[in-house]
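Asker: Here you go, one structure.
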């Protein structure tokens, strides 16, 4: 290679390398290195580059000594300025010490090479300076990355904690809502049981209250299930369930709401040949969501439920004559928080959880769900569940949901006298619950049965009452009470009174197998 070309290239690299170092230092510490100095250095580098180009083009190498020495003096001055700026930066940021060390070694080796050039001696110390400077920069960057990663992890942990706090808040709030909602349902059913069957308007209003309260309870259940799904806490309790019974119960609850919109609910499912293997509570939730969604988007007409057996699967369909779903929405309606809405208003908007939860629950049962719709004509939601040849163990569906004939027919509930002969015997029942509403509900349900009722507000009062009076014939305990839970009260009583001597009923909104097992163990 031509020596002049090599020399020119070396000077070009030297000019711009020094400039880039200055710009980098300015980017790191803009408060300590002035912008005007950077601008001067850029201008100087451009000027020196132009002179160097002139020397190379016109072969005026005699001027190169003057240009190079002038640039060296400017480089020394800028190095001193940057060093002082780094010293100032070190007062606020100790990491600047690393840069100072590397920059000092680089500057010293560069100055040593410059002065050796003045003496016409050749040295090459700067390569060691570059090595130390690059190592210092790498160490400084590694510290930055380490701290950034640590900060990201800290923020991630904080966000996860906030997310858990939000989930806990939702779950706790939902549980707190379930208690008063069950209270509303209980009081309304108690009033309906005392209502005159001839007062149809009064009975119909009570049916609407009960139906609306149950729908709100299902919304609360959706929130709980969504939170559990997010944390993968749902465990299915699979058993034989009769689809006809499930649909009949759901239609009974929804019929008062549907009647307000002149919607006819039709159960076309075969009563005897449609048993599936499913979690009873989750299946109810699926049906409530689908039927509730159909009622929401149907102004008038009918909603039909049907089922078809295909091999080892049962296809259950909910067909409505509502507004239908636009084609572009068919692929998004099962996403969480996705709302169908309407073109004219937002009156039908809900939480957007129902269909998303329904899809997840169906998939957890190894089934599939799909939708067919035509705007203006209605929709058909179809999901599959595994067929079960066994019959349901009990008829607990109707009992658990406590759906009475009056809701189905919009007539007041009528309680039938107990035929076992215990009504007139004046049995004593002790009811313990920290919620006054729940005490009132249970009292209303039992007051007409000629029972002697005693109420307690907590577990301690239970023992006081038993010690003061003779033990009751039946004890009804709220499972969750402050200070002493119903489980603890039951365990302590069992140490003295066996099951046949003092029957105990535990009342709770929790219906998971673990909660039921805890009650039996108590």
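Just so you know, all these numbers are worked out from the coordinates, no wet-lab data involved. Please read these numbers as outputs of a predicted model, since none were measured by experiment. Counting neighbours? That spans all protein chains shown, and the Cβs are built from the backbone with ideal geometry, glycine included.
Asker: Within the stretch 172-193, which residues have the backbone N less than 19 Å from the label spot 7 Å out from residue 440 along Cα→beta-carbon, could you tell me?
Answerer: 176-193
Asker: Order the peptides 363-375, 211-223 from the highest to the lowest mean number of other Cβ atoms within 10 Å of their residues.
Answerer: For the peptides 363-375, 211-223, the packing ranking is 211-223, 363-375.
Asker: Treat the count of other C-beta atoms within 10 Å as a stand-in for reagent exposure and order 469, 182 from fewest to most. It would help to have the intermediate numbers written out before the result.
Answerer: Working: 469 12, 182 20.
Going from least to most buried by this count: 469, 182.
Asker: If you rank 282, 319 by fewest surrounding Cβ atoms within 10 Å, what's the result?
Answerer: Listing 282, 319 from fewest to most nearby Cβ atoms yields 319, 282.
Asker: Once fully extended, how much extra length lies between residue 312 and residue 389, figured as 0.36 nm per residue of separation less the alpha-carbon to alpha-carbon distance?
Answerer: Working: separation 77, 0.36 × 77 = 27.72 nm, distance 0.97 nm.
Between residue 312 and residue 389, full extension yields 26.8 nm more.
Asker: Along the Cα→Cβ direction, 7 angstrom out, place labels at residue 450 and residue 370. What is the inter-label distance in nm?
Answerer: Label at residue 450, label at residue 370, 6.1 nm between them.
Asker: If each residue of separation counts as 0.36 nm, what is the full-extension length gain between residue 427 and residue 145 once their alpha-carbon separation is subtracted? Before the final figure, lay out each step's value.
Answerer: Details: separation 282, 0.36 × 282 = 101.52 nm, distance 7.52 nm.
Length gained, residue 427 through residue 145: 94.0 nm.
Asker: Another question about this same structure. Using the basic label-point model (7 angstrom from Cα toward the beta carbon), what is the residue 88 to residue 501 distance in nanometres?
Answerer: So the label points at residue 88 and residue 501 sit 8.9 nm apart.
Asker: Now for a different question. Per-residue counts of other Cβ atoms within 10 Å, averaged by peptide: what ranking do you get for 156-163, 382-389, highest first? All intermediate terms of the calculation are to be shown ahead of the outcome.
Answerer: Working: 156-163: 10.2, 382-389: 17.6.
Going by the mean number of other Cβ atoms within 10 Å, highest first, we get 382-389, 156-163.
Asker: To the nearest 0.05, what FRET efficiency results for residue 302 and residue 331 with a Förster distance of 22 Å applied to their C-beta separation? Let's see the in-between values first.
Answerer: Values: r = 27 Å, r/R0 = 1.22.
The computed FRET efficiency comes out at 0.25.
Asker: Can you give the FRET efficiency to the nearest 0.05 for residue 49 and residue 156, using r as the Cβ-Cβ distance and R₀ = 56 Å? Write out the running numbers ahead of the final one.
Answerer: Values: r = 48 Å, r/R0 = 0.86.
Computed FRET efficiency for residue 49 and residue 156 comes out at 0.70.
Asker: On to the next question. Given R₀ = 22 Å, what would the calculated FRET efficiency be for residue 177 paired with residue 233, taking r from the Cβ atoms and rounding to 0.05? Mind showing how you got there, number by number?
Answerer: Values: r = 19 Å, r/R0 = 0.87.
So the FRET efficiency works out to roughly 0.70.
Asker: Okay, moving on. Suppose the chain between residue 474 and residue 35 were pulled fully straight at 0.36 nm per residue; how much longer would it get relative to their current alpha carbon spacing?
Answerer: Values: separation 439, 0.36 × 439 = 158.04 nm, distance 8.73 nm.
Separation in residues times 0.36 nm, less the Cα-Cα distance, equals 149.3 nm.
Asker: If packing is taken as the average number of other Cβ atoms within 10 Å across a peptide's residues, how do 295-301, 429-435 rank, most packed first? Display every interim value, and only then the final one.
Answerer: Values: 295-301: 16.1, 429-435: 21.0.
Per-residue mean Cβ counts within 10 Å order the peptides as 429-435, 295-301.
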